[in-house]
Amino acid sequence: MSFQLFRGTSDQVSGYNGADGEIVYNMTNKSLHVFDGVTVGGYELKNAETIKQELLDGASAAYDTLKEIEDYISSNEGSVGTILTNITNLQTQVNQNKTDVQTNQGNISSLQTQVNQNKTDLQTNQGNISSLLTSMSTKADKPASPTGAAEALSWNGSSFQSKNIGVERRVNGADIEFIFG
């Protein structure tokens, strides 16, 4: 008993739309096409020899691509090493910058504390100067003592120091002259 399928060349089979489940033999490719009644040309079931050849052809192309990649990496090893070294150096620099920022934040905090203390000292000294001027004005206005002495504060660059001053009252009582001694 023999069994024979419909058959045709690749061109004939690729333009044919067989019934659902129909199988046709492709005489050019030596393969079978299975049809679903919708897809023109059906679905080709390649023979083992064709599949083997396609795999070998693809493997050769894949090998060539891998070889090209390997050659590229080998020729650029120096560049890759330089890039990795640069990345390491930059990471070290970033870490140092982080440390510097933390140190500077501590310094800023310390300076803010000093500024606040200086403000307090300045307010205290302003109060002392105001009291001293009031005291000097009172002494200068006394009729029994047209001249007198008082203490004043003098700034030596880092702190206030006490200093004697002479106070002279003018005859008309309107002007006061301070003589620093």
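What follows draws every value from the coordinates through simple rules; no lab data is involved. All values derive from a computational prediction rather than experimental measurement. Cβ placement follows ideal geometry from the backbone for every residue including glycine, while neighbour counts extend to all protein chains displayed.
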Long-range amide H partners of residue 41, meaning residues 5 or more apart or on another chain whose placed amide H is closer than 5 Å, are 16, 17, 18
May I ask for the Rg/Rh ratio of segment 1-94, computed from Cα atoms with Rh as the Kirkwood radius, given to two decimals? 1.47
Which residues' amide hydrogens lie under 5 Å from the amide hydrogen of residue 29, considering only partners 5 or more residues apart or on another chain, with H built in the peptide plane? 10
How large is ³J(HN,Hα), in whole Hz, for each residue of segment 12-26 in order, when computed from phi with the Karplus curve 6.51 cos²θ - 1.76 cosθ + 1.60 and θ = phi - 60°, using x for Gly and Pro? 5, 5, 5, x, 8, 10, x, 5, 4, x, 6, 10, 10, 8, 8
Across segment 104-110, in residue order, what do the Karplus-derived ³J(HN,Hα) couplings come to in whole Hz, using 6.51 cos²θ - 1.76 cosθ + 1.60 with θ = phi - 60° and x for Gly and Pro? 5, 5, x, 5, 4, 4, 5
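With a cap of 14 neighbouring Cβ atoms within 10 Å, and only residues DSSP puts in a loop, list the trypsin sites (Lys or Arg not before Pro) found in segment 1-71.
Counting only loop positions with at most 14 other Cβ atoms within 10 Å, the trypsin sites (Lys or Arg not before Pro) in segment 1-71 are 30.
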Karplus-derived 3J(HN,Hα), 6.51/-1.76/1.60, for each residue of segment 45-60, Hz, glycine and proline x: 9, 6, 7, 4, 5, 5, 4, 4, 5, 5, 5, 5, 5, x, 5, 4
